[in-house]
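Trainee: The following block contains the structure, expressed as structure tokens.
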Amino acid sequence: MDAAATLKGYFDLTRAGNAVASGVLTFVGAYVTGGAFDAPLAAGAAVVATMFGVAAGNAINDYFDRDIDEINAPDRPLPRGAVSPRGALLFSALLFAGAVGLALTLPPLAIGIAVVNLAALVAYTKLFKGLPGAGNAVVAYLGGSTFLFGAAAVSTPGPAALVLFSLAALSTLSREIVKDVEDVEGDRSEGLRTLPIAIGERRSLHLANGLLLVAVFVSPAPYLLGTFGVTYLLVVVPALALLLFAGYRSYADPTGGQSILKYGMFVATIAFVAGRAVPAA
């Protein structure tokens, strides 16, 4: 194996697209709180720490899943022989060390969030991934907490950051459940025990849509509390409409439903950025 192939293997372990996207969401959390440009060093440290942490989690997930990936994902770096298991484990440890080092420069609340998140990333595959609903909940928390971590890095998280965290976590949990409904036949054939297999597909979709309704009900809070103005409402209402339509669509078409959910979550994030960019009158 030549050096270029090995380097590409390590790069692929990080799933760089996911890591960068998580860093962007962390910056959004800092921006929504209002401190991204007042404390640029803290915001930057939080963004890079997030990218390192996500990349480390992806690498260690590949390490734990290496036997399964021999069958399900033979093109991943470990099954194809680009990276050794020991190399993946050491690489993950280095990335985790970088994330911890950067997180320790931040305020105590941000450090606490980082500790919980890094522990969840390490424990996910071994402890939570095989438990019905538990793995979904961990993924949802981690997705939402990027906003909270960014906010805590630069200030005390206010209502906008807390609602953004809640909206992201609830929407992600709903989407994860719908994705499990989409994959139920394949998961059952592999002996997995996902939530739809444990409680049924229809009940799982009811739960997913109940979570979306909670997200819809909490979303007006930044406007009602006077944190954001009408600009926020003008953008968040279409996002909520997309989320509700996605929930309805998921009953007949889980694949289409979870895809629409993703776009709804993206528009909702834009709403918070717009709300901060255009001050309340």
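The values are calculated or read from the model by the stated rules, or taken from the named source; none is laboratory data. From a predicted model like this one, the values you see are computed outputs, not experimental measurements. Here Cβ is always computed from backbone atoms with ideal geometry, including for glycine, and neighbour counts include all displayed protein chains.
Trainee: Is it fair to say Leu164 is modelled with pLDDT under 95, in a helix (DSSP H, G or I), closer than 22 Å to Ala103 by Cα and out of contact with any strand residue (DSSP E or B) (no Cβ under 8 Å at 6 or more places or on another chain)?
Mentor: yes
Trainee: Quick check on this structure: which one of Ile60, Ile68 is β-branched (Val, Ile, Thr) and either free of Cβ contacts under 8 Å to residues at least 24 places away in the same chain or part of a loop (DSSP other than H, G, I, E, B) (or both)?
Mentor: Ile68
Trainee: Give me the pairs: first residue in the range 107-123 and without any contact (Cβ under 8 Å) to a residue 40 or more places away in the chain and under 14 Å from Thr26 (Cβ atoms), second residue hydrophobic (A, V, I, L, M, F, W, C) and part of a helix (DSSP H, G or I), beta-carbon distance under 8 Å, and six or more apart or on different chains, which are they?
Mentor: Ile113/Leu148; Ile113/Phe149; Ile113/Ala152
Trainee: Of the residues Leu121, Leu106, which is modelled with pLDDT under 90 and surrounded by 16 or more Cβ atoms within 10 Å (Cβ to Cβ)? Spell out the reasoning first.
Mentor: Values: Leu106 fails: modelled with pLDDT under 90.
Just one listed residue meets the conditions, Leu121.
Trainee: In the range 51-68, which residues are surrounded by fewer than 24 Cβ atoms within 10 Å (Cβ to Cβ), among the acidic types (Asp, Glu) and within 22 Å of the chain's Cα centre (by Cα)?
Mentor: Listed by number, the list holds a single entry, Asp65.
Trainee: In this structure, is Val48 part of a helix (DSSP H, G or I), in contact with a helix residue (DSSP H, G or I) (Cβ under 8 Å, 6 or more places away or on another chain) and within 24 Å of Ser166 (Cβ to Cβ)? Steps first, please.
Mentor: Details: part of a helix (DSSP H, G or I): yes; in contact with a helix residue (DSSP H, G or I) (Cβ under 8 Å, 6 or more places away or on another chain): yes; within 24 Å of Ser166 (Cβ to Cβ): no.
Spelling it out, it is not the case that Val48 is part of a helix (DSSP H, G or I), in contact with a helix residue (DSSP H, G or I) (Cβ under 8 Å, 6 or more places away or on another chain) and within 24 Å of Ser166 (Cβ to Cβ).
Trainee: Considering (1) among the hydrophobic types (A, V, I, L, M, F, W, C); (2) farther than 30 Å from Gly158 by Cβ; (3) touching a residue at least 60 places away in the same chain (Cβ under 8 Å); (4) surrounded by fewer than 23 Cβ atoms within 10 Å (Cβ to Cβ), say which one Leu90 fails and leave the rest.
Mentor: (3)
Trainee: List the number of the failed condition for Phe96; all other conditions in (1) within 30 Å of Tyr31 (Cβ to Cβ); (2) in contact with a Ser or Thr (Cβ under 9 Å, 6 or more places away or on another chain); (3) of a type in the set (Phe, Trp, Tyr) hold.
Mentor: Result: Phe96 passes all but (2).
Trainee: Checking the condition farther than 30 Å from Asp187 by Cα, outside the structural domain of Ala208 (by TED's automatic domain parsing) and not polar (S, T, N, Q), which residue from Ala137, Ala120, Ala110 passes?
Mentor: Within the list Ala137, Ala120, Ala110, the selection yields Ala110.
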